[in-house]
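This report concerns only the one structure given below.
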Amino acid sequence: MTKRHEGGARPAAEQPEAAVPARHGVILGALVALVVALSTVIYLTVAADDGTPGSALAGNRTHRDSAAAPASTGTWVGSWAAAPVGGEPGTEGTGLAGRSVRNVVHADAGGTGARITLSNLYGQSPLTISHASLALAAGDGTAAAAAETMRRLTFNGSAGVVIPAGGQIVSDAVRVAVPHGGDLLVTTYSPTASGPVTYHPHARQISYVADGDRTEDPTAAPYTQQTPYWRYLTAVDVLSNEADGTVVVFGDSITDGVTSTIGANRRWPDVLAGRLRTALGGGRQLPRYSVVNEGISGNQVLADGFGRPAENQSGLGRFGRDALSRTNVKVVVVDLGINDILRNPRLADPDRITAGLRTLVRQAHARGLKVVGATLMPFEGHRGFTAAREAVRQQVNAQIRAGGVYDAVVDFDQALRDPYAPHRLLPVYDSGDHLHPSDLGFAKMAETFDLYALRGAGQAEL
């Protein structure tokens, strides 16, 4: 008969082998419970983060990450856009390695959340972005941000992203109150050489550059370098209760606004956006659309620029990227064709130009989109003017007015020409180069636009 030990337990040396795993199982179970408890605390902490600014983080990080999609309801629309044009001269080797690029952009539609698109279309090697941020500008003409609006951007949950040559990336959404008509600061930092910087050269807006990673610095102090370019950034979308869709204005330098006042947002699409917003406030039965600008100076319907990929790609080549692929696009407005006349070393064929425009329209119709097209404005007095080129312009306009090209027509030619010299712009609407409008001319273009033309979907075929 075996003698029982006190307390009914065996000494360790007498424990049966099966009892050892049992004890380990108890310990393992306790560890699992502890891990679960810690995970619950972490989950609840993250879930409680509403994306509003925190007090302070390590180093110069002055807010919490806020990469989760906004919880509020609304519709994603384009609030700002700019077409990628080419590789920035002078950046072929190192790109902008070691510098923070703070793009200043003007939001059309307001919203409760935002996301951005970055492009490496003209890069020849992968572009590393290690940090990016978005904030409201503290005022006009400054690199300073309203500190409480500073948001760190993420990409698939990570602070950094590598964009392959020729590629683009859309950020995660951040919760931030974006006012319509406000300026946003979108800042990126690239730590390594990337080759040519994808840029939009005629921004008509001053942006800023700082040495080092200053993406989340709300002050203007480190941003000592100014630039007339937008770099990498090609779109800002907002989650909006103000707009149900996007109007894309697709054109050349006249749409790009190359002669408008810098920093004043007086390009004609800017004025059109303001008109549409004001009209909606007046209770008119109009669609609630935002407006984005996809103009490129020098752009043609038919001809590409040089290089691979082509810089200043033709309207036919870039229409899918810059118009049809924009967020929640409903209507495309096309003002394109004058450069096919001016830049063609031979006399342009008006039928080829209008055939190209019809191709754009067919592509838009395939997406159920309406296309409003503009007549080409006069340019007598410009260095490229000839009587033969004027005849081509007249033939293109005749086809547009006849209704065989677009769903609806806005007659900029008639609105801005001098009634006593119809081959010329009216002097008050002329910037001085006899091709591009003045600020008053851009305003007249927007005022001429019939807002009711934005209603309705595209036809299946003209």
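Selection over the range 180-198 of residues that are open to solvent by 10 Å² or more (accessible area, probe 1.4 Å) and farther than 13 Å from Gly123 by Cβ gives a count of 6.
Would you mind finding the one in Asp211, Asp237, Asp252 that is over 25 Å from Phe155 (Cα atoms) and of a type outside the set (Gly, Ala, Ser)?
Among Asp211, Asp237, Asp252, only Asp252 is over 25 Å from Phe155 (Cα atoms) and of a type outside the set (Gly, Ala, Ser).
Being modelled with pLDDT under 95, open to solvent by 10 Å² or more (accessible area, probe 1.4 Å) and in a loop (DSSP other than H, G, I, E, B) is a property that Arg326 lacks. Taking the range 163-184 as the range and being under 14 Å from Ala273 (Cβ atoms) and small (Gly, Ala, Ser) as the test, the residues that pass are Gly181, Gly182.
Identify the residue in the range 267-320 that is assigned to a strand (DSSP E or B) and among the polar types (S, T, N, Q) and, among all such residues, is surrounded by the most Cβ atoms within 10 Å (Cβ to Cβ). Taking the candidates together, the pick is Ser290.
Looking at the structure I just gave you, is Val409 closer than 25 Å to Pro350 by Cα and open to solvent by less than 50 Å² (accessible area, probe 1.4 Å)? For Val409, the condition - closer than 25 Å to Pro350 by Cα and open to solvent by less than 50 Å² (accessible area, probe 1.4 Å) - is not met. Only residues that are within 12 Å of Gly181 (Cα to Cα), open to solvent by 10 Å² or more (accessible area, probe 1.4 Å) and hydrophobic (A, V, I, L, M, F, W, C) were counted across the range 105-146, and they come to 2. Against the list (1) surrounded by 22 or more Cβ atoms within 10 Å (Cβ to Cβ); (2) polar (S, T, N, Q); (3) touching a strand residue (DSSP E or B) at 6+ places or on another chain (Cβ under 9 Å), the condition Asn397 fails is (3). Within the range 224-239, can one find any residue that is at pLDDT 95 or above, hydrophobic (A, V, I, L, M, F, W, C) and outside any strand (DSSP E or B)? There is no residue in the range 224-239 that is at pLDDT 95 or above, hydrophobic (A, V, I, L, M, F, W, C) and outside any strand (DSSP E or B).
The values are calculated or read from the model by the stated rules, or taken from the named source; none is laboratory data. In this text, all values refer to a predicted model and were calculated from it rather than measured experimentally. Every residue, glycine as well, gets a Cβ built from its backbone with ideal geometry; the counts of neighbours run over all protein chains shown. Surface accessibility is based on the protein's heavy atoms, side chains included, excluding ligands, DNA and RNA. Shrake-Rupley method; radii C 1.70, N 1.55, O 1.52, S 1.80 Å.
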